[in-house]
Each structure stands twice: as C-alpha cells, then as structure tokens.
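Student: Let me give you the structure first, and then I'll get to my questions.
The values are calculated or read from the model by the stated rules, or taken from the named source; none is laboratory data. Keep in mind the model is a prediction, meaning the values are calculated, not measured. As a convention, Cβ positions derive from the backbone with ideal geometry for all residues, glycine included, and neighbour counts pool all protein chains shown. We work out accessible area using only protein heavy atoms, side chains counted, and drop any ligands, DNA or RNA first. Shrake-Rupley method; radii C 1.70, N 1.55, O 1.52, S 1.80 Å.
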Amino acid sequence: MRFFLLAATASLSTLSAIMMAQDALAVQDTPVTINGIEAVCTGVGSAKDDPRWSAYPVKIVLATTGGANLANAHVTLNRGGQEVAGLDCDAPWILFKAPRGSYTATAALIGGSGRSSSSSFSTTGAGPQKEITITFPLPSNGASLPATAPAGQ
C-alpha cells in the first residue's frame with residue numbers, strides 16, 4: 001500500500017509539473033488567461049471586428065514580408081528574459097492584455113518549416129492599441145507558408 005501511495009504521489013507531481021510547463025492552445029476568438037495575462041487569437045472573418053478586441057493594448061500580427069497574413073504559429077511573450085505567456089494560435093492576430101513593460105514576442109511557424117521571428121516592444125498596458133508585426137520571408141524554394149487572407153481582410 002505504501003508503494004502505491006508513493007508511486008501515485010510521484011506520478012501526480014510529474015503530471016502537475018508537465019501541465020504547468022505547457023503553453024495554452026488558444027481557441028479562435030476565445031480569450032484565455034496565461035500567467036495572469038489575457039490573450040486571444042483572432043483576425044479571421046467578421047470576428048476580427050469584435051469591439052472587445054480594442055481593449056487589448058498589444059496586437060501581434062503575423063505576416064509575410066509581402067503583407068499576407070499568416071496563421072498557425074506558436075507565439076511566446078517574454079519579459080526580462082522570462083516567458084510570461086505562450087500559446088498556439090491558428091489566426092493571424094494575437095492580442096495581449098500585458099502590463100506595462102518591455103517585451104519580446106516570438107512566433108515560430110507550426111508545420112515543419114522551423115522558421116521563427118521576433119520583435120521587441122514596450123507597452124503602457126493601457127491606451128491605444130499598439131500593433132507589432134512579426135514578419136516571415138517567403139521561402140526561396142517555392143514552398144508555401146500557412147497563409148490566410150491578405151492583410152486587412
């Protein structure tokens with residue numbers, strides 16, 4: 001019986017650590033809170049015009065250097081070298097309600113390309129929405145990126 005309790009306790013501890021280390025999987029147009037920072041993936045269809053989105057002080061846009069929107073990326077938000085939020089997003093906009101400070105946002109395309117790109121910015125945590133575009137060059141080998149509608153649509 002003692003062995004069973006020790007094994008169960010160890011398993012639960014390991015599972016808890018794994019679950020805490022994982023980032024969120026964001027469902028489009030559904031806000032999620034990660035480490036106290038609210039985030040939402042959006043930017044597709046009429047949902048991109050939802051008036052709630054203007055209350056998010058940071059808008060990360062994923063795009064090609066030519067301006068086409070991209071989707072399907074793992075996005076992390078770092079502050080002071082520490083990850084404060086991370087999520088998988090299948091939309092071209094990731095909105096954050098991040099507190100005042102300096103951040104680096106990094107996006108890594110999901111799907112085997114291995115491409116990642118980053119942008120540093122600061123926010124007051126309020127006021128007008130700050131838009132940060134993280135761009136990815138078009139592949140030189142003719143392969144395609146996971147594009148969505150052209151920017152602005």
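Student: Counting Lys +1, Arg +1, Asp -1, Glu -1, what net charge surrounds Tyr56 among other residues with beta carbon under 13 Å of its beta carbon? Spell out each step's value before the answer.
Tutor: Numbers: positive: Lys48, Arg52, Lys59, Lys97, Lys130; negative: Asp29, Glu38, Asp50, Glu131.
That sum, taken over residues with Cβ under 13 Å, equals +1.
Student: Could you please put Glu38, Glu131, Glu83 in sequence from largest to smallest accessible area, using a 1.4 Å probe?
Tutor: Numbers: Glu38 55, Glu131 110, Glu83 85 Å².
Solvent-accessible surface, decreasing: Glu131, Glu83, Glu38.
Student: Sticking with this one: Let me check I've understood the local charge: for Ser119, count other residues with C-beta under 13 angstrom from its C-beta, Lys and Arg +1, Asp and Glu -1. What total comes out? Intermediate results must be reported in sequence, preceding the final value.
Tutor: Details: positive: Lys59, Lys130; negative: Glu131.
Taking every other residue near Ser119 into account, the sum is +1.
Student: Now for a separate question. Sorted by average packing, counted as other Cβ atoms within 10 angstrom per residue and highest first, what order do 91-98, 72-79 take? Don't jump to the answer; show the numbers that get you there.
Tutor: Details: 91-98: 23.9, 72-79: 19.4.
Final packing ranking: 91-98, 72-79.
Student: Which value, in Å² and to the nearest 10, is the accessible area of Asp49 when all protein chains are kept and the probe is 1.4 Å?
Tutor: 110
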